[in-house]
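Trainee: Dumping the structure here so I can ask a few things about it.
The values are calculated or read from the model by the stated rules, or taken from the named source; none is laboratory data. None of the values given here were measured: they were computed from a predicted structure. Cβ placement follows ideal geometry from the backbone for every residue including glycine, while neighbour counts extend to all protein chains displayed. With ligands, DNA and RNA removed, areas are computed over all heavy atoms of the protein, side chains included. Shrake-Rupley method; radii C 1.70, N 1.55, O 1.52, S 1.80 Å.
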Amino acid sequence: MDFSKQKNITIFSHPLIKHKISLLRDKEASTNKFRTLIEEIAMLEAYEALSDLPLKEVDVETPIEKCKSPMIDGLKLAIIPVLRAGLGMVPGLDALVPSARIGHIGMYRDEVTHKPVPYYCKLPQNLQERTCVILDPMLATGGSAVDAVDMIKEKGGKKIKFLCIIAAPEGLEKLATTHPDVQIYVGQLDRELNKDAYICPGLGDAGDRIFGTK
Ligand code: PRP
Ligand code: URA
């Protein structure tokens, strides 16, 4: 698949995103540094991915006069991290849209089959009225992302965006073809998956590196 021709895929080229992803890959990066970089990259990606957020006119009184002025309708946004690693991206979006609702989808990959195992799902109400932004730094086989979108659609979600930091070609193609209506935003497209379904060169296990676990 030629990803550059796909309307539902954005692969970022901004130098700040590229630079921070290189810092993130470094196996010597501390937990604290890793977490900060994930937040910063998420914020940079969100700046672009949220460029079509709905605005509403509000009354504002300036020192000169009263006027109507546009503001983000934050109640129309649902931020949905995929646990655990997606949690690391939440502060980056929360800083931009603090009034957004936040849902959670819990799933982990089975170590042998590499298939996602769901264990939790709590989403904001009236999903059909919201822009749903799924957060997960890693898009590897694509199994977790496809299932997360399925869960959101089952609860009524219609306008869905998926933000990741590193993607493998295999997972990007799977998500883009299974859910062509979902807008996918990728910080960096990597080479391939290895036999353990880890992204190469990747950054290792994102959840473990964000939370300092093994
Ligand atoms: C990672 C990552 C994604 C998933 C991607 O989570 O955060 O959710 O793997 O892999 P896939 O595209 O092949 O499905 P993991 O299963 O390691 O869970 P964790 O975040 O709780 O460690
Ligand atoms: N999940 C991760 O955290 N890293 C990978 O490379 C693949 C899946």
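Trainee: Among the residues of region 41-89, which ones are surrounded by 12 or more Cβ atoms within 10 Å (Cβ to Cβ), modelled with pLDDT of 95 or more and part of a loop (DSSP other than H, G, I, E, B)?
Mentor: Once the filter is applied, which keeps residues that are surrounded by 12 or more Cβ atoms within 10 Å (Cβ to Cβ), modelled with pLDDT of 95 or more and part of a loop (DSSP other than H, G, I, E, B), region 41-89 yields 50, 84.
Trainee: Considering region 1-36 alone, what residues qualify as being in a loop (DSSP other than H, G, I, E, B), open to solvent by less than 70 Å² (accessible area, probe 1.4 Å) and either touching an Asp or Glu at 6+ places or on another chain (Cβ under 8 Å) or on the phi > 0 side of the Ramachandran plot (or both)?
Mentor: Within region 1-36, 8, 12 qualify.
Trainee: Can you find, within region 170-214, the residue that is nearest to residue 49 (Cα to Cα) among those that are out of contact with any helix residue (DSSP H, G or I) (no Cβ under 6 Å at 6 or more places or on another chain), near ligand 1 (Cβ under 10 Å from one of its atoms) and hydrophobic (A, V, I, L, M, F, W, C)?
Mentor: Applying the filter and picking the extreme gives 172.
Trainee: Does region 139-168 hold any residues that are over 24 Å from residue 91 (Cβ atoms), in contact with a strand residue (DSSP E or B) (Cβ under 7 Å, 6 or more places away or on another chain) and within 13 Å of ligand 2 (Cβ to nearest atom), and which are they? It would help to see each step written out before you state the result.
Mentor: So the first thing to find is which residues in region 139-168 are over 24 Å from residue 91 (Cβ atoms), and the list is 141-143, 146-147, 150, 153-156, 158, 168.
Imposing the further condition that a residue be in contact with a strand residue (DSSP E or B) (Cβ under 7 Å, 6 or more places away or on another chain) reduces the set to 141, 143, 147, 168.
Those that are over 24 Å from residue 91 (Cβ atoms), in contact with a strand residue (DSSP E or B) (Cβ under 7 Å, 6 or more places away or on another chain) and within 13 Å of ligand 2 (Cβ to nearest atom): 141, 143, 168.
Trainee: Identify the residue in region 96-145 that is of a type in the set (Asp, Glu) and within 15 Å of ligand 1 (Cβ to nearest atom) and, among all such residues, is nearest to residue 40 (Cα to Cα). Let's see the steps before the verdict.
Mentor: Going residue by residue through region 96-145, those that are of a type in the set (Asp, Glu) are 110-111, 129, 136.
Still in the running and within 15 Å of ligand 1 (Cβ to nearest atom): 110-111, 136.
Working: 110: 29, 111: 29, 136: 14 Å.
The extreme case among them is 136.
Trainee: Looking at region 150-162 only, could you name the residues that are surrounded by 23 or more Cβ atoms within 10 Å (Cβ to Cβ) and free of Cβ contacts under 8 Å to residues at least 60 places away in the same chain?
Mentor: Listed by number, the list holds a single entry, 162.
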